[in-house]
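A short worksheet on the structure shown next.
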Amino acid sequence: MRRKDREMDRNFALYVADKCEWATLALVDGDKPYCVPVTIVRIGGCVYFHSAKAGRKIDLLRKNPSVCLSCVGDTYRTPDKFTTEYESAVIKGTATEVTDDAEKIEALRALCERHTPTNMAMFDSEVNRSLGVTGVWKISIDEITGKRKKYDKDGVEMKYGRMS
């Protein structure tokens with residue numbers, strides 16, 4: 001990381017990953033990059049996302065499971081500066097398809113509880129209807145880094161690890 005003064009610890013990076021609305025999944029496509037937005041949830045040391053069972057993303061994951069996930073937390077465009085406050089996490093890991101139904105259901109439940117908590121009364125009927133056609137992938141976290149640019153109430157940038 002070039003800006004070590006903005007680096008945050010692993011717990012902060014996990015916090016950002018846990019709260020981001022969506023993340024960008026970067027994949028390897030031969031000698032070209034390919035990335036797609038995904039909704040994620042973390043369970044322990046793994047990040048899960050759901051997907052169709054076929055398509056370019058799935059083809060690429062099966063060919064090369066090395067992935068990078070970029071998560072953006074809170075941002076704020078400062079009105080009096082030409083800059084943006086931000087918090088981010090980058091996760092590098094290996095993706096594997098989840099084939100065990102119990103693990104798929106656990107991941108889908110966690111995804112739904114996180115992203116659509118008001119619809120949980122319909123979860124069981126929906127998962128029964130769609131489990132066979134829904135893909136679930138798990139990323140084992142090999143490396144995670146966090147970064148932040150934020151100013152305190154006096155306009156001073158909060159450098160390395162400073163929380164308040």
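The values are calculated or read from the model by the stated rules, or taken from the named source; none is laboratory data. Only a predicted model underlies this, so the values are computations on that prediction, with no experimental measurement involved. All Cβ positions, glycine included, derive from the backbone under ideal geometry; neighbour counts span all protein chains shown. Areas reflect the complete protein model, heavy atoms only, side chains present, ligands, DNA and RNA absent. Shrake-Rupley method; radii C 1.70, N 1.55, O 1.52, S 1.80 Å.
Here the spin labels are modelled as points 7 Å beyond Cα on the Cα-Cβ line, and at residue 78 and residue 159 they lie 1.5 nm apart. Accessible area per residue for the chain, computed on protein heavy atoms with a 1.4 Å probe, is 59 Å². Considered as an equivalent ellipsoid built on the Cα gyration tensor, region 1-86 has semi-axes of 28, 16, 13 Å, the largest given first. For region 45-105 and region 134-161, write down the distance between their C-alpha centroids in whole Å. Between the Cα centre of region 45-105 and that of region 134-161, the gap is 13 Å. For the chain, the share of accessible area belonging to carbon and sulfur comes to 52 percent (1.4 Å probe, ligands and nucleic acids excluded). Here's the picture: a label point sits 7 Å out from the Cα of residue 103 along the beta-carbon direction, and within region 116-136 the residues with their amide nitrogen under 14 Å of it are 136.
Mean-square fluctuations from a GNM of the chain, with a 10 angstrom spring cutoff on Cα atoms, peak among 15, 48, 76 at 76. When +1 charges are put on Lys and Arg Cβ atoms and -1 charges on Asp and Glu Cβ atoms, the dipole computed for the chain relative to its Cα centre reaches about 520 debye. If you run the Gaussian network model on the chain, springs between alpha carbon atoms under 10 Å, then out of 33, 65, 79 the most flexible one is 79. Set the Cα radius of gyration of region 23-164 against 2.2 N^0.38 Å, with N its number of residues, and you get 1.25. Over the chain, dividing the summed -39,500 (n - 2.57) contributions of all DSSP H runs of at least 4 residues by the number of residues returns a 222 nm mean residue ellipticity of -7500 deg cm²/dmol. Between 59, 142, 100, the residue with the greatest mean-square fluctuation in the GNM of the chain (Cα pairs under 10 Å linked by springs) is 100. Between the residues 88, 112, 102, the greatest Cα displacement towards the positive end of the dipole of region 65-139, with unit charges on the Cβ of Lys, Arg, Asp and Glu, is found for 88.
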